[in-house]
Every structure is written in C-alpha cells, then in structure tokens.
Amino acid sequence: MTKSTGPRIFVTLAAPNLSVMEAQASYVSGSPIGYELRLDFLQDPTDLDSKLRQMLMRLHFPQTIATCRRSKAGGLFRGSVKEQAAILGGAVRAGCQWVDVEMESVVAAGPSLLQQFRPAKVIVSYHNYTQMPDLRAIYRRLARLPARVVKIASQARLLTDNLRIHRLLRSFRSRSPKLVALALGSSGIPSRLLALQWGCPFTYASVGNHLGVAPGQLPSDIMRSVYHVDHLDHRTQYYGIVGSRASTSLSPAMQNAAFQAKHVNGVYLPCETTRLADFLSFARKLGFLGFSVTMPYKRAILRELDWVEPLAARIGACNTVAVQHGKWMGWNTDAAAVVEVLTKRLRLAGSRILVLGAGGAARAAAYALRAEGALVFIAARREAAARRLARGISAQVVPWGSADGLEVDAVINATPVGMAPHADAMPIDLARLRTRVVFEMVYYPPQTRFLAEARSRGMTTISGLEMLVAQGGRQFEIWTGQAAPRALMEQAIRQALNHPASL
C-alpha cells in the first residue's frame, strides 16, 4: 500500500460562494482530511485571493486542491484558459498547496501553463464521462508533463471496468508522477472504495450523499465509518452485493458493521451492474469469498453455482453465495429468516398464514412456511402468478379482493405496497382481517401504515427491519462461521435509514 504523509481523502467542496464551502467543510470530521475546492462552482470569483485566504485561515490551512474545471472537461467554468489560470494562481497565493489542471487546458495553452503555479504541486487530470478508453496511453502522455500527480477518472459501464483501473494502478504504482485513478458512476464505486488499497496516494469523497460532484462519489464519513477505506490491506477479504440497484442497498452498512464487530478483515462492496456475467467475472478475478444476490439475479445465479441448498433449489431463487474450497455454494436466507422471525411469535406447524404477493419474497416465504407444516393462503393482484406459486407448494389461492375476509394466524405483506414514497398505502384492510400476527416485509420506511394500523388494533407485529437483519445475520454466519452481532447490525441499518448518506 502506498505510504503517504498527507491526506488520504480529499473532500470535494462545491458551492456558489466560499461561505457555503466553508460551511460544508465544518460537516467533515476525521484526520487527516484535505479539501478539493471546486472554484468553477463560484458565481463571482471577484477578490478571490483575500476571501479564500481568510477562509483557509479559519480552517487552519488544511491541505487543499484548487480546481477550476472548464466546461470542456465536465466543469462549470466557461471562461478562457487564461482566466482559469488567473483563478488558480489566486488560489495558490491564498494558500492552496495543490492545483488541478485538466488535460484540455494543457493542450490548449501548452505545458508551460503548469509552470506558473509554483510553488503549488500540480495535478494533471483527465476525465471521461462516457467511456473508458486506453488508460495506459493516457497516463504515459500525461506523465511527460511537469506534474506531481496524474489523475485519471473514466466512466465505468461495467463492474469489470474497475479491473482496468486496478491493472492500471498496479502497472504504474512505482512510477513518477504518482497516479490517482478512479472509475466513475454507480458501477465504478468499488474503485473508489478500494483506491487506497490498490495504491492511489489519495482519493476523493463528497461532504454528503447529495453533494457529490462526480458520478459515484461517496461521502467521506461513509467511506471511513462504513467501509474503513484507509484500513484495508492486502489481507482484506472481499464480499459484496450484486444487483441492478446495489448502490442503494442497506446491506453494506449492516455487513461492514458486523465485520468490524467480529474483527473480520473483510469489506462488503456494492456491485451494481445490468449483467450478471459482468459481476461474475469481477468477483472471480478479485477472489470474492461471498456475496448477496438481489434483484434481478436471484434466479439466474442458480445456473452458476456448484451446490445449492435444497430449499433454495425448490424456491428457484438464491440470495446468498459463499465460496468454500473453491466451490460456489448457494442458500436462500430470506426463507430461513421468515421462519426465524415467525417462530418467535407462533408455532408454525398447522398455523394458517396468508401471504400477500406472488413475487420473489412471497415465494421464499410460502415455500419456507409449507416446509414447516403451515397452511398457506396466497393472494396476489396477478392471480395467475398466485396460482403458479400455489401449485408448487399445495397452497390455496384467495382472490385479492376477498383476502381481508379470512381468519388466519398471521398475514405477511410480501408486496411493495407501503414502500416509500407511498408510505400511506396499505395492501389490505386490517379492519376486516382476523389475525394475530402482522408481518411487514417492507423496511423503508421502518414504520409503515400497515404496521401502525396493526399495532393500534393490538396485533403482534414484525417489521421489515427485523426480517432484513435476520436474513443478513444468516448470510454473515454462512460466510464467517461466527455468530452474527444482530443487535449491532440492526443499529447500523437504523443509522443508515436516519441518515440517507449512509445508504
């Protein structure tokens, strides 16, 4: 791992004026932290030298990178290269130790442009927001310039594009100038989280989840508190979650908290892709030891496994994979979690349980409950799907419109009804349904109207949060062989829900 005496994370501050940038800086904690000042966001750079010096004095002159990216390179500055250089020169006089100049400006003005920023250290940067070209050729071209660091940021269309960043960093790790390389976009998030481990002298982060100025940029406190990016080493084991919306998953907050609590040297990464084969290549190359599977790959992953637990095979869906002795092995911990949380409230054998929905979550619940001897009733708006599910497990189909007239021991909402932003919606009318237990699989928001209504009627309730922790806890136990710290995992999820930047 590259040794560095300066900041390992530079937090990007971007605002229409310096006062807001200074306010953004006050929300950043941890040391050592540096700041990248996106001066191209300023609406009025008049008298920048003195205003910026005063701001840096109040911040005790932290390590700062002055960036004034022109629109041709994806920034907001629409002035000439000469005007750009004047702003950056003012930032150096104000006390900024670094200057970032994009390749386009160097091409327009010539390499002599970089000499005028002395004594600041120069970063020459290349950004491509559409594709990932020949990165080696770009580094060799920029490395000829009088710069301390070459920065390359290029769009990831696939997870395997992160591997191109990895190979690039490995190839030029001991070269001068130093190389900072990142993949942009949701599929490029692993390169940001593993940048320091892969040899970058430093990486970039945002102040908060909604203040990122580059696609895929993560908040600095999340990079440190959730992923512990500056503590990953060559022994760190890789885990993750694969799905088409994996970047919004709560599982990284939950699983990384568990790794920390149990002293597992592992990191759990969000792996977002539109192609399962893309993830499989990525995971095999990096040597993943386990991963979670979410929509839309729970069925497709079965074809890639060397062994599947019998219940997951019957359900036709797998959400958990572990690599053991070189074999890829699959489980469905959703099913196990349904049984776990319900058996705390009632005896399943012989119980009458109504399952609302006929999708993946409903399938896992219905198969698991039938395996425990429960009598299962299935109601779904798509009655044909309900009938297909019912045939596979000898369950009874109930028309959606009359489901609330049943008398059952428990009802499970396995539909998205009640999920944010439609938290006021309810799948059925609890005023008519006679039941003792209401099980809500929706976990965001944590308190749906369905749960609130059930509590007000004195019913026993099970939240989607409890289900999420139960399935995640079983995943952790499969991967590590240790008991999952479930209370801590729930705490991590609640914190992530309360602070959306943690998602």
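The values are calculated or read from the model by the stated rules, or taken from the named source; none is laboratory data. Just so we're clear, the structure is a prediction, and the values are computed from it rather than from any experiment. FYI the Cβ positions are ideal-geometry reconstructions off the backbone, even for glycines, and counts take in every protein chain you see.
For residues in region 58-70 being in contact (Cβ under 8 Å) with a residue 12 or more places away in the chain and more than 15 Å from Gln43 (Cα to Cα), which is surrounded by the fewest Cβ atoms within 10 Å (Cβ to Cβ)? Talk me through it step by step, then tell me what you get.
Step one: of region 58-70, the residues in contact (Cβ under 8 Å) with a residue 12 or more places away in the chain are 58-59, 61-70.
Now restrict to residues that are more than 15 Å from Gln43 (Cα to Cα): 58-59, 61-66.
Values: Arg58: 11, Leu59: 15, Phe61: 13, Pro62: 19, Gln63: 17, Thr64: 26, Ile65: 25, Ala66: 28.
In this case the residue turns out to be Arg58.
Only one residue in Leu13, Leu18, Leu48, Leu37 is of a type in the set (A, V, I, L, M) and without any contact (Cβ under 8 Å) to a residue 40 or more places away in the chain, so which one is that?
Working: Leu13 fails: without any contact (Cβ under 8 Å) to a residue 40 or more places away in the chain; Leu48 fails: without any contact (Cβ under 8 Å) to a residue 40 or more places away in the chain; Leu37 fails: without any contact (Cβ under 8 Å) to a residue 40 or more places away in the chain.
Step by step, each of Leu13, Leu18, Leu48, Leu37 is checked, and only Leu18 is of a type in the set (A, V, I, L, M) and without any contact (Cβ under 8 Å) to a residue 40 or more places away in the chain.
Report yes if Gln131 is part of a helix (DSSP H, G or I), surrounded by fewer than 18 Cβ atoms within 10 Å (Cβ to Cβ) and modelled with pLDDT under 95, otherwise no. Walk me through how you get there before you give the answer.
On the way: part of a helix (DSSP H, G or I): no; surrounded by fewer than 18 Cβ atoms within 10 Å (Cβ to Cβ): yes; modelled with pLDDT under 95: yes.
Taking the combined requirement at face value, the residue does not satisfy it.
Tell me, yes or no, whether region 225-232 has at least one residue that is modelled with pLDDT of 95 or more, in a loop (DSSP other than H, G, I, E, B) and within 26 Å of Ser176 (Cα to Cα).
Looking through region 225-232, at least one residue is modelled with pLDDT of 95 or more, in a loop (DSSP other than H, G, I, E, B) and within 26 Å of Ser176 (Cα to Cα).
Tally the residues that are in a loop (DSSP other than H, G, I, E, B), closer than 20 Å to Gly287 by Cβ and touching a strand residue (DSSP E or B) at 6+ places or on another chain (Cβ under 7 Å), restricting the search to region 157-186. So that I can check it myself, show each step before the final result.
Initial filter on region 157-186 (in a loop (DSSP other than H, G, I, E, B)): 157-159, 172-177, 185.
Filter again for closer than 20 Å to Gly287 by Cβ, leaving 158-159, 173.
Imposing the further condition that a residue be touching a strand residue (DSSP E or B) at 6+ places or on another chain (Cβ under 7 Å) reduces the set to 159.
Adding up the residues that qualify gives 1.
Here is a list of conditions, (1) closer than 23 Å to Ile493 by Cα; (2) in contact with a Gly (Cβ under 7 Å, 6 or more places away or on another chain), and Arg432 meets all of them except one; can you say which number that is?
(1)
Quick check on Gly208: is it assigned to a loop (DSSP other than H, G, I, E, B), among the small types (Gly, Ala, Ser), outside the structural domain of Pro270 (by TED's automatic domain parsing) and over 20 Å from Gln131 (Cα atoms)? Lay out the reasoning, then the answer.
Working: assigned to a loop (DSSP other than H, G, I, E, B): yes; among the small types (Gly, Ala, Ser): yes; outside the structural domain of Pro270 (by TED's automatic domain parsing): yes; over 20 Å from Gln131 (Cα atoms): yes.
Against the criterion (assigned to a loop (DSSP other than H, G, I, E, B), among the small types (Gly, Ala, Ser), outside the structural domain of Pro270 (by TED's automatic domain parsing) and over 20 Å from Gln131 (Cα atoms)), Gly208 qualifies.
Just checking, how many residues over region 1-43 are among the hydroxyl-bearing types (Ser, Thr, Tyr), modelled with pLDDT of 95 or more and under 23 Å from the mean Cα position of the chain (by Cα)? If you could, list the steps in order and put the result at the bottom.
Residues of region 1-43 that are among the hydroxyl-bearing types (Ser, Thr, Tyr), as a first pass: 2, 4-5, 12, 19, 26-27, 29, 31, 35.
When the remaining residues are screened for being modelled with pLDDT of 95 or more, the result is 12, 19, 35.
Still in the running and under 23 Å from the mean Cα position of the chain (by Cα): 12, 35.
Counting residues in region 1-43 that are among the hydroxyl-bearing types (Ser, Thr, Tyr), modelled with pLDDT of 95 or more and under 23 Å from the mean Cα position of the chain (by Cα) gives 2.
State all residues of region 376-408 that are in contact with a strand residue (DSSP E or B) (Cβ under 6 Å, 6 or more places away or on another chain), surrounded by fewer than 17 Cβ atoms within 10 Å (Cβ to Cβ) and closer than 22 Å to Val339 by Cβ; if no residue qualifies, say none.
Gln396
Given the criteria modelled with pLDDT of 95 or more, among the charged types (D, E, K, R) and over 30 Å from His263 (Cα atoms), does Arg432 qualify?
Details: modelled with pLDDT of 95 or more: no; among the charged types (D, E, K, R): yes; over 30 Å from His263 (Cα atoms): yes.
Against the criterion (modelled with pLDDT of 95 or more, among the charged types (D, E, K, R) and over 30 Å from His263 (Cα atoms)), Arg432 does not qualify.
Assuming Pro219 fulfils every condition listed in (1) over 22 Å from Val323 (Cα atoms); (2) at pLDDT 95 or above apart from one, which condition is it?
With respect to (1) over 22 Å from Val323 (Cα atoms); (2) at pLDDT 95 or above, Pro219 is out only on (2).
All but one of (1) hydrophobic (A, V, I, L, M, F, W, C); (2) within 30 Å of Asp429 (Cα to Cα); (3) buried (at least 20 other Cβ atoms within 10 Å of the Cβ); (4) assigned by TED's automatic domain parsing to the domain that holds Lys262 hold for Ala496; state the number of the condition that does not hold.
With (1) hydrophobic (A, V, I, L, M, F, W, C); (2) within 30 Å of Asp429 (Cα to Cα); (3) buried (at least 20 other Cβ atoms within 10 Å of the Cβ); (4) assigned by TED's automatic domain parsing to the domain that holds Lys262 applied to Ala496, the lone miss is (2).
Being under 18 Å from Met467 (Cβ atoms) and hydroxyl-bearing (Ser, Thr, Tyr) is the filter here; which residues of region 381-438 pass it?
Matches in region 381-438: Thr415, Thr435.
Just give me the residues in region 255-274 being within 19 Å of Thr160 (Cβ to Cβ) and surrounded by fewer than 16 Cβ atoms within 10 Å (Cβ to Cβ), in sequence order.
Scanning region 255-274 gives a single hit, Thr274.
Evaluate region 71-92: report whether one residue or more is buried (at least 21 other Cβ atoms within 10 Å of the Cβ) and of a type in the set (D, E, K, R).
Among the residues of region 71-92, not one is buried (at least 21 other Cβ atoms within 10 Å of the Cβ) and of a type in the set (D, E, K, R), which makes the answer no.
Within region 309-322, how many residues turn out to be surrounded by fewer than 18 Cβ atoms within 10 Å (Cβ to Cβ) and within 26 Å of the chain's Cα centre (by Cα)?
Looking only at that region, the number is 0.
Can you tell me which of (1) at pLDDT 95 or above; (2) farther than 23 Å from Thr415 by Cβ is the one Thr460 doesn't meet?
Unmet condition: (2).
Determine the pairs where a residue that is without any contact (Cβ under 8 Å) to a residue 12 or more places away in the chain, located within region 338-349, has a partner that is outside any helix (DSSP H, G or I) and among the aliphatic types (A, V, I, L, M) with Cβ atoms under 9 Å apart, the partner being 6 or more residues away or on another chain.
Lys344/Ile462
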